[in-house]
Structure formats: structure tokens, C-alpha cells
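Scroll down for the structure; my scribbles are underneath it.
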Amino acid sequence: MPAKKTPANARKPAPAEGGMREEQLVTIAASLFAQKGYEGTSLRDIAEQAGITKAALYYWFPEKEALFQRVVAGRMAALVERVTTAVAAVSDPLEKIRVFLLCSAEHIDRDRAGWISSSNTFWSNFDPEQRQAVVPERDRFERLLRQCVSDAVAQGALRDIDPALATRLLLSGVNYLPRWHKPGGPLSAVQVVEQYLDMVLNGLSKR
């Protein structure tokens with residue numbers, strides 16, 4: 001498919017302005033993807049939200065797929081790198097699980113729209129090329145936590161449980177959290193996940 005041409009009447013930004021505006025557009029796109037879904041968001045929606053013309057938007061993102069790469073694939077890759085670094089910095093097997101999940105919660109507190117848009121797009125977007133850009137990172141994310149759980153079982157820090165099921169349990173709580181958790185409420189996402197961890201690792205029973 002030939003590349004789309006940038007409209008001739010759109011003003012080319014200065015370098016500093018361009019970098020700032022590009023990040024603003026990515027943030028706006030993430031918010032709209034979270035609200036309306038990837039398929040339900042158009043470049044016109046993003047341009048109107050940013051207060052620019054659709055022609056001007058073409059200077060940064062001539063097609064929506066480029067925004068998908070920045071908002072969804074780019075954010076997921078950054079999250080994977082962040083949790084990988086956090087896990088590598090500790091040695092205790094249970095602490096590895098804790099830092100993985102708390103690092104993920106910090107990401108929610110910092111970039112809630114990006115998390116929701118990435119999650120929504122992952123589960124609802126069936127375009128083969130776009131999924132190929134996301135699925136490997138998603139798999140890396142899950143495999144890292146599963147390895148942490150497996151190591152904790154092998155070292156006797158956790159009882160003999162199925163690491164795959166335990167990983168799904170832990171991730172389901174984090175993934176669903178932005179659906180009900182309100183920013184600015186009594187607890188941050190990190191504080192909620194801290195309580196989740198206490199319940200999961202220490203149990204709910206007083207016996």
C-alpha cells in the first residue's frame with residue numbers, strides 16, 4: 001500500500017514544538033482509545049480533541065496505525081521493560097512477585113488511559129499485523145510473572161500450586177482494577193494492589 005501523502009496546506013512544526021505536540025497527541029489518542037475503543041476512534045476525533053485540523057495531524061500521524069504503535073505497542077513494551085528491571089533488582093522470590101505487581105500498579109496510577117486503551121485494544125482488535133505487534137510483549141509480561149511464581153514454588157516460598165493459574169489470578173486483579181478504581185479516591189492503585197498481595201500471599205482466613 002503506498003504511503004499517504006501529507007497535505008500541502010498543513011504547517012510543519014518547529015522541532016521543539018513538534019516533539020511536545022506529538023506527545024500531546026499520543027496522550028489524547030490514549031484517552032480516546034480508552035473511552036471509545038480503537039475502532040471507534042477516528043483521526044478526526046483526535047484532531048478535534050487536540051484543537052487542530054486533520055490535515056495538521058497528518059504531520060505526526062498520517063494513519064491511525066501509527067498511533068496504535070505508540071499508544072498500545074509502545075506502552076506495553078515500556079511496561080515490560082519496567083517490570084523486568086524491577087524484578088531483576090531483587091532476589092527474594094516473593095519480593096519478585098510483589099515488585100512485579102506493584103510496578104504494574106504504578107503504571108496504572110501514572111498512565112491509566114494508556115493501560116485501559118492497551119487492554120481494550122488487545123482483547124478487541126483482531127487485525128493480524130497489529131496483534132503481532134502486541135502479543136509478543138503481552139506474552140513476555142505474563143511469562144515473567146509466571147517464572148517468578150514458579151521460582152517461588154521451587155524455592156519453597158509458596159506451596160505447590162499451578163504457576164499458570166496463580167499468574168492468571170494475580171493478573172486478573174490488576175487488569176480489572178482500572179474498571180472500578182477511581183483516581184483521586186481513598187486508595188491509589190498501588191495501595192489496592194498492596195492489599196491484594198496481602199490477601200493472596202497471606203490468605204483471608206484467620207485460622
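For every residue, the table says whether it meets (1) assigned to a helix (DSSP H, G or I); (2) modelled with pLDDT of 90 or more; (3) polar (S, T, N, Q); (4) closer than 24 Å to Trp115 by Cβ.
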residue: Ile46; (1), (2), (3), (4): yes, yes, no, yes
residue: Ala55; (1), (2), (3), (4): yes, no, no, no
residue: Tyr59; (1), (2), (3), (4): no, no, no, no
residue: Leu67; (1), (2), (3), (4): yes, no, no, yes
residue: Val71; (1), (2), (3), (4): yes, no, no, yes
residue: Ala77; (1), (2), (3), (4): yes, no, no, yes
residue: Val80; (1), (2), (3), (4): yes, yes, no, yes
residue: Val83; (1), (2), (3), (4): yes, yes, no, yes
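Of the residues that sit in the stretch 46-63 and are surrounded by fewer than 17 Cβ atoms within 10 Å (Cβ to Cβ) and not small (Gly, Ala, Ser), which one is nearest to Gln35 (Cα to Cα)? Even if it seems obvious, please write down each step before you answer.
Of the stretch 46-63, the ones surrounded by fewer than 17 Cβ atoms within 10 Å (Cβ to Cβ) are 48-49, 51, 53-55, 62-63.
Okay, now just the ones that are also not small (Gly, Ala, Ser), so 48-49, 53-54, 62-63.
On the way: Glu48: 15, Gln49: 13, Thr53: 21, Lys54: 20, Pro62: 22, Glu63: 19 Å.
Checked the stretch 46-63; the qualifying residue nearest to Gln35 (Cα to Cα) is Gln49.
Sort out which residues of the stretch 67-89 are hydrophobic (A, V, I, L, M, F, W, C), more than 18 Å from Ala34 (Cβ to Cβ) and surrounded by fewer than 22 Cβ atoms within 10 Å (Cβ to Cβ), and write them in order of number. Give the steps one after another, and end with the answer.
Step one: filter the stretch 67-89 for residues hydrophobic (A, V, I, L, M, F, W, C), giving 67-68, 71-73, 76-80, 83, 86-89.
Imposing the further condition that a residue be more than 18 Å from Ala34 (Cβ to Cβ) reduces the set to 77, 80, 83, 86-89.
Matches in the stretch 67-89: Ala77, Val80, Ala86, Val87, Ala88, Ala89.
Considering only the stretch 135-172, state which residues are more than 15 Å from Val80 (Cβ to Cβ), surrounded by fewer than 16 Cβ atoms within 10 Å (Cβ to Cβ) and not acidic (Asp, Glu).
Matches in the stretch 135-172: Ala154, Gln155, Gly156, Arg159, Ile161, Ala164, Leu165, Arg168, Leu169, Ser172.
Could you please tell me which pairs satisfy a Cβ distance under 7 Å, a separation of 6+ or placement on different chains, a first residue in the stretch 183-197 that is closer than 15 Å to Arg110 by Cα and without any contact (Cβ under 8 Å) to a residue 40 or more places away in the chain, and a second residue that is among the polar types (S, T, N, Q) and outside any loop (DSSP other than H, G, I, E, B)?
none
The values are calculated or read from the model by the stated rules, or taken from the named source; none is laboratory data. Just so it is clear, the model here is predicted, and its values are computed rather than measured. With ideal geometry, Cβ positions are generated from the backbone for all residues, glycine too; neighbour counts draw on all protein chains shown.
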